[in-house]
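Throughout, read-outs are computed from the coordinates displayed, never taken from laboratory work. From a predicted model like this one, the values you see are computed outputs, not experimental measurements. All Cβ positions, even for glycine, are placed from backbone atoms using ideal geometry, and neighbour counts span all protein chains on display.
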Amino acid sequence: MRIPRINQNWSYIVSCGALLALAGGWFALTSGWLMPVEASKESVQIDDLFRWMLGFAAVIFLGVQGVLIYAAFAFRRVKGDNGDGPHIHGDIKLEIFWTLIPTVLVLYLAIYSFDVFQQLGAGSPMWGGHDHGDAGLPRIVAPIDKSAVPPLKIEVQAMQFAWIFAYPSKKVEGMAELHLPVGQPVVLEMKSNDVIHAFWVPEFRLKQDVIPGRTTNLSFTPTRPGKYQLRCAELCGPYHGGMVVDVYVEDQKSFDKWLTSQAAVPSATRLAQLPDLATTAGYPVPAATTPVLRSDQTLAVVRHLRSQGQ
Ligand SMILES: [Cu+2]
């Protein structure tokens, strides 16, 4: 088989490399539409890392596909040529080339992602000074910045199939919605009543498991006012998909107003006022018309669970 000579002109190879780099950069910089909005300080670091990874992936994908398509045309069989191709045993330059580039890329991404992981505080000692005997658990807790506004502590209780929030410093508990003041760091102290759940708000780009018998923490700073959704990200039972509640990021005034209005209502009254999904639909089967439990209904389910002594 006749093999045509490859064009080894360096300016040609460098131009192809530059084009690939430009294409990778373009993919990375225009990838914003792929992700939900950035609603926390931490989401910016996560997205920057994602852009680098996407850029590298685009360069590799386009480079490999480009060589493949080029080879398919440049080295296609010539009519009447039924001979075998030459047997080639290794090429030291090529070996170095395709070992070095992936090594550098993987090392760069490993160091960069570890740095982001550290900046988010994952793996640092638990913030808040409570020792729940769970040293070594993976957790995401931002390093303490003494000059910053003190974080707002929120207790989160996860259960099949509800999220319940308490604001101990404000003496408000039993909330089925999560309200967060914009710009203020928050620390969530999360416990599970039954199985493993996971706290996940895509717009915050953070996820943390909630594990029975332990307290896991998550700290972040919401930066964009709006209404988001907290979803359980760990398959936790038949109605796992219904473990969705609203998260409101709002200015301090609205947050204070909401807290004050909630604090004025005794927890028992708040529970009694809620529609009782458990009796209308029969626990544990939610009404067919409400496949997703609304946040105000989750408390009704919890109330039923509590009345059953669970
Ligand atoms: Cu769950």
> For Lys227, which lysines qualify as cross-link partners when the Cα separation must be under 29 Å and same-chain residues fewer than eight apart are set aside?
Replying inline: Lys41, Lys153, Lys170, Lys171, Lys191, Lys207, Lys253, Lys257
>> Let me check I've understood the local charge: for Trp163, count other residues with C-beta under 12 angstrom from its C-beta, Lys and Arg +1, Asp and Glu -1. What total comes out?
In response: -1
> Within region 46-61, whose backbone N sits under 11 Å from a point 7 Å along Cα→Cβ of Gln119?
Replying inline: 46-50
> Which trypsin sites (Lys or Arg not before Pro) from region 48-95 combine a DSSP loop assignment with at most 16 other Cβ atoms within 10 Å?
Replying inline: Arg76, Arg77, Lys79
